[in-house]
Every structure is written in structure tokens, then in C-alpha cells.
1. Examine the range 47-63 for a residue that is farther than 26 Å from Leu508 by Cα, open to solvent by 50 Å² or more (accessible area, probe 1.4 Å) and hydrophobic (A, V, I, L, M, F, W, C), and state whether such a residue exists.
2. So which pairs qualify, if the first residue must be in the range 635-657 and over 19 Å from Glu695 (Cα atoms), the second must be open to solvent by 20 Å² or more (accessible area, probe 1.4 Å) and among the small types (Gly, Ala, Ser), the Cβ gap must be under 9 Å, and the two must be at least 6 apart or on different chains?
3. Within the bounds of the range 383-396, is there any residue that is within 36 Å of the chain's Cα centre (by Cα), at pLDDT 80 or above and closer than 20 Å to Thr317 by Cβ?
4. Every residue in the range 593-621 that is small (Gly, Ala, Ser) and surrounded by fewer than 22 Cβ atoms within 10 Å (Cβ to Cβ), please.
5. Do we find a residue being within 31 Å of the chain's Cα centre (by Cα), of a type outside the set (Lys, Arg) and open to solvent by 90 Å² or more (accessible area, probe 1.4 Å) anywhere in the range 259-275?
6. Filter the strands (runs of 3 or more DSSP E) completely within the range 527-623 down to those with at least 1 residues that are closer than 24 Å to Tyr474 by Cα and either among the charged types (D, E, K, R) or at pLDDT 95 or above (or both).
7. Can you pull out every residue in the range 50-83 that is among the β-branched types (Val, Ile, Thr) and farther than 21 Å from Phe102 by Cα?
8. Between a first residue in the range 530-543 that is over 17 Å from Thr464 (Cβ atoms) and open to solvent by less than 20 Å² (accessible area, probe 1.4 Å) and a second residue that is modelled with pLDDT of 65 or more and among the hydrophobic types (A, V, I, L, M, F, W, C), which pairs have beta carbons less than 8 Å apart while being 6 or more apart in sequence or on different chains?
Amino acid sequence: MSSRKGLNGACSVHEYTGSFMGQSVHFKMTSVCGHVMTLDFIGKYNNWDKVDPAELFSKAPTEKKEANPKLNMVKFLQVEGRGCDCIVLWLDCDKEGENICFEVLDATVPVMNKPRGSEKTVYRAKFSSITDTDICNAMNHLGEPNHNEALSVDARQELDLRIGCAFTRFQTKYFQGKYGNLDSSLISFGPCQTPTLGFCVERHDKIQSFKPETYWVLQAKVSHEKDSCLTLDWDRVRVFDREIAQMFLNITKAAKDAKVESVSRKEKAKQRPLALNTVEMLRVASAALGMGPQHAMQIAERLYTQGYISYPRTETTHYPENFDLKGSLRQQANNPYWAETVKALLAEGINRPRKGHDAGDHPPITPMRSATEAELGFTEIMPWQSIPPEESLPSCERGDVFPISEVKLLEKQTNPPDYLTEAELITLMEKHGIGTDASIPVHINNICQRNYVTVENGRRLKPTNLGIVLVHGYYKIDAELVLPTIRSAVEKQLNLIAQGKADYHQVLEHTLDIFKRKFHYFVDSIAGMDELMEVSFSPLAATGKPLSRCGKCHRFMKYIQAKPSRLHCSHCDETYSLPQNGTIKLYKELRCPLDDFELVLWSSGSRGKSYPLCPYCYNHPPFRDMKKGMGCNECTHPTCQHSLNMLGIGQCVECENGVLVLDPISGPKWKMACNKCNVVVHFFENAHKVRVSAETCESCDAALVDVDFNKAKSPLPGNETQHSGCVFCDPVFQDLVELKHAAMKHPMHRGGQGKRQGRGRGKGRRPGGRPNPRKPKDKMAALAAYFV
């Protein structure tokens, strides 16, 4: 055999004479460096400034370009292939390898000798490891390259290119044109990359929203030998009520001895591990060796090409019945670490491995040569998987009595989940069909490279501010962009192409049409994500000032004054819309009884409307009859002191659906305002106190109002300081009520007589004519009464 470097200086060419198909032939053996070609848009469509990203879905033509022009791989293959009669393809035996087969054929077939008649000139070798046995077996059973599998890769490449580039170009240009501190050169989107990031942010959100709960554990110790104690587990485990825990403690303390009620013995066994596939290898490498998936895959590929392990890209965890397990074991018989274990297995005989999953691709990853580290035989070799030794229990029988040495109550708290480890993320990606065994490491590496997540101690993935905002923005606009469901469905379609059960062009056209529609909606709705970006990254966010406390984390939220004004909790990374065109200030540090958010007060000015609102309820209506954007003056909470039920007076004098609601902090220039339109009613100027009564007017069903004046400024007859009556019907109040911004006055002010039906709150009814529940003694009863 002679060896030389090819013209590109990267690939060697080995030449020798041998036998092929019963003939003596001259062989040339060489290699490529991954994909020969890559898919890209033609020149003019790579100009970000001149091309509308929407055109990339269908209008922009694509072409195959050399993956690495510096390698001159096409020219190298043409030079070496010129004059050859046959080609045998030994690329990796997976879908990507199958695709590379056709890239090599595109370069070589045009320069090869033309076949004579129907003579076969293209062959495909199928193998799972680089051993003498496997290589010879593959050469003796040559097949053909699988065009369907290659097409499935072409489809994935085109989908990822068109979808990824369109979204990436748009959001990168849009956000980098507005913010200078994104700390990422590219705000990329990928059909697999983005759901991968979504898993990390979903865990982050659970951590941020977690509220620890205090619980109590009863701990008792008994003496069973001279100087040793045995700690007993409480069969109730824990309680969340201290009084109940204290009761159990008192009961237990009253006892001096503990009596054995029953004795049971059981044997613990742990199943042998399944054979190793790619995903499990990546999980173990991350969890046990602290290696990132990308690095682990690179090492595995190196071990494979050096002959230490079988092909490392496989979904199979089941050895075929004819697999030579003993042959693989014999390779390890002289290993310095586990030689004795291997020899014992060979001497005593081996059990068949557990039946796993047969994906029909390659056998599980198997050690092919002895090395210093491998996966085999199992708790002696892998002590970390063995069952931990338990606390030794004393021998005892039913009826035995042990003196109690100590009883105490332990106070503990529930803990939030931790950030996802790489191993956990790999599991989620496999479960939801995001990526393939080959591409999973690439997607995880991408979200790290883009500064969407950082790798913390223990290989835990903590989302950065940029990663969190992007995912929250996708959820706000179109959750399917970040959820795994749609990509999982696409992967199934790609697999059908590979199996020859789906048409390549139809899958491509259908999928691109779906994402094109989603892209247009995303562009139209980008303001939703922009609100989150602006709060997190722009100098505007730096000018925001702490205003009110978040009900989730109890930290101060920042008030962003510029339009659209909003509140942002940087700790929870949540943004809350606010009513516009007015001023916002803290409302006496009062809190919403439903979610513990501090209330804020919106005001349109001293002579206009003002009302308190809960930032959370304003954005997430708590009751079915409420809509987004409603303040406390429209809240139907039955007992909250700020709600419509407590402060509503009567139906608006101008609009059909509005209710006039007392502004409780407007004194001494008191007013009530419609919760739907711009009607404002000023009344009882200089009154010391104004309160909405539980009683209603017999004439118009409006709520009565209790007014308390200072003696020196009282306008009431006879220098009275207190009066209760209807602001519409009571003659004492008529001169004290002034309507603003109203086209008409209340009928009673025009001299109307008689009882008006349905114009006020109604006796025993809340505004709007809905049943008004009685006031129960506690909040939960009140809410129950409301929902009933």
C-alpha cells in the first residue's frame, strides 16, 4: 500500500491492489471532512439590508455551496475520482452519512468512467464499528445508498435555513437597532434551538415563582444498645400546620417507650443498565464526567475512528440475538482495572442483557478494544450505581420495647427545583423529539454560544436575561414558536420521508407555509416582545424607578414611564401593562387580597378620574366576568375594600353599562367616577369622611352614602355634621353634587319622580344587577359564595 496527501492537504489517499467482485483491481481509499456541501441562499439574498426576511420562505432560491471552500473538497474528489470505474461509499451509517454519500456522488460520478450497459458502479458499505470482522463483513455485503434518508436531511437543512434565517434576521435587526447591551452578536432563532432554550427558561420560571412552605417533622430516637440510638421515621412524614404538629409532639412526649408493632424484611435489587445509546452516553458524560454534550460527542467520534468503541450515533439499546458479546468481553480480558471481573464472566457465563429498544439503526455503543475507561459489568465496575448501604437496624421482634431517648419537632421548608442539568435537558429533548441523537449536542452548544444560557456548577444551565426575555416574548406572541410540539411534528414528517412514506416536496411546502404564517404574525406582534426587551436592555429601563412590590417575590417592581407605561419585576422577569395617558403612583402600600401585589393608583388629573388597580389582576383577570385591563373599580371581588362591590354607588348617568364608583382618597374634594366612560361627579367638598353604605335607596336602588363634615364647614341644615342618603334622590344632597363631562343629569335631578328600575346597585344586589352575596366572615367563604 502507498499513501500520499491529496491536493487539499487535508485528506490522505491510500492506494493498493486487491480483489473486488471477483476481479483484481486497483483501489484508492480516501476520506472527506464532514459535509462536502452546505445549503445557502444565492448571493443577493444574503444581503440583510436589501432583502425582506419574509421572502426567504419561498421566493429566495437556494443553492449548494462548498461547506469549506478552503478545503477544495469537490476538486479533490474529482481529481481522485477521474477514471475510476466503481465507487464504494464508507460514510457513517446514519442519515447524515447517507446525505454525504450523495454529495460525494455529485462530485465524482460525472468524472468517472461511464458504466457499460446496466453495469452497477455505485455501492454502499454498511458497518457499525471499525474492526476487521465488521469491515470484511461490510465489504462482502455491499448495498446501495438510501436516497430517501438523504432527502430527509435535505428537507431538514432547507427548513432550518429558511425558517431560522427569516426569524433570526428580523429579530436581530429589530432589536439590535434599538438596544446596545444585548450582549449577543446574533439574536438567533432555530426550530430546534428555541424549544431547547424554552425548556431551560421553563425551569427558571418555576424557580422564580416558587413559594417556600414551612412544615414540621416529628423526630423520635430510641435507645437500643448502651451508647447508640436509633432514629425513627414518622409514618406521617410531615405536617404543614404547627398546631397539629405540636399536638403530635405532646402525645409522643407522654410515652416513655416505643413498642415494635410489626417486623418486615425485603430484599432490594437493582436492574442491570440497558445497553448504551447516544443519548444515554451524553447524559452520563455530563452527569458523571462533567463533559458537555458537544465535547462528549467529539471524544466519542475520536474513540470510534481509533477503533476503541462502535459507532457512537445510535438510538438502539438492544443487542441483536447474534451479537458476539463474548467477543467484546475477550477484548477486555487484559484490562488492568477489570480483567478479573471479565475473566470471571467468561468462565461462569454471561446473562443476556436487558431487552431494550431496537431502532433499526446500529447496535448499542460497545467497547471494541481495551482501554482505561469503558462501560461494562456492572456494580463492581460502576460503584456509583450500586445500592447505598442503609443504616443497620437492630434485630428485633414484634412486642419488643425500646426506651424513648428523645422526641423533638423539626421545622423545615419546601425547596424550589434546581436549574436543569445538561443530562435533564437531553432527556427532555429526547422525550419531545427535539433534534436527533446527532444534533442534540449542537443545539445545546448553540444556546450556550449565543449567550442564552450559562453553564453553572454541576453542568446546570441557567438562562441569561436575554434568553429569558426571548422565550417570554415568544410565549407572549406565539407559544408554538418555543413549545416542542410543532418541531416534534416536523421531525415525524422528516422520518416519514426517510422511510419513503412521505413526499419530500409536500412536507417542505406544507411546513414552510405554516412557519411563513407564523412569521408574519410574529412581525405584526413584535411590540409584545419589544416591551420585554425595552424593560430589560434599553437605557429606558435604567431610568425606571422602583414603585410597588411584586406579589410573587415581594421585591420592588420598576415603573417605566415612557409609553406604553408599565411595571416590570426584574426578579420574576414579568412585565405588567398599566392604563395609559395618566399618572401612576403607589396606593398607600395597600395589597390585593388575591395575589399580594401592592396596588397602584392611576389618575388623569385632580379634576378627572382616578382609581386603584392591582398590576397582576389588571393583566390576569381573576374572575370570569372580568376582562384584561380592568382596575379595582371594575373588580367583582365580593369583600375587597377596593372593589366595585364595596365602592360602587349607582349606575352611570350617561352610559348604559357603567357604574359610578367612589374615589376613596379624593377628599376633601370628593368625587365618584364612571368605571366605563369619562363621567365624573364631584360632591361633598370639604367633607371629613365619605363612605358607601350597605343600605340602598328605596327610590332608585343606588347605594346610600354616609357623609361626615367638620362642624365649622358643614353645609348640612341645622349645622349637622353627619348625614346618610342617596346622592341622587336625597334633597339634602342635591345642591352638593356636581356633574362633569356628562350630557345629561340623573332623572331625579330633573324633578323625576317614582322608583327607577335597574338604574342603581339594587337592594341586595351588586352593580350591574348581579346577585350580591352576603358578607361572610372570611375571605374564602366570600369567594365560595361568589362562585356559587
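1. Checked against the condition, which is being farther than 26 Å from Leu508 by Cα, open to solvent by 50 Å² or more (accessible area, probe 1.4 Å) and hydrophobic (A, V, I, L, M, F, W, C), the range 47-63 yields no hits at all.
2. Sorted first by the residue in the range 635-657, then by its partner, the pairs are Val653/Ala742; Val653/Ala743; Glu654/Ala742; Glu654/Ala743; Asn657/Gly768.
3. no
4. Ser603, Ser604, Gly605, Ser606, Gly608
5. no
6. Of the strands (runs of 3 or more DSSP E) lying wholly inside the range 527-623, those with at least 1 residues that are closer than 24 Å to Tyr474 by Cα and either among the charged types (D, E, K, R) or at pLDDT 95 or above (or both) span 556-560, 566-569, 574-577.
7. Once the filter is applied, which keeps residues that are among the β-branched types (Val, Ile, Thr) and farther than 21 Å from Phe102 by Cα, the range 50-83 yields only Val51.
8. So the pair list comes out as Asp530/Phe175.
The values are calculated or read from the model by the stated rules, or taken from the named source; none is laboratory data. Small disclaimer: the values here were computed from a predicted structure and weren't measured. In this analysis, Cβ positions are derived from the backbone assuming ideal geometry, glycine residues included, and neighbour counts consider all displayed protein chains. All accessible areas refer to the heavy atoms of the entire protein, side chains included, with ligands and DNA or RNA removed. Shrake-Rupley method; radii C 1.70, N 1.55, O 1.52, S 1.80 Å.
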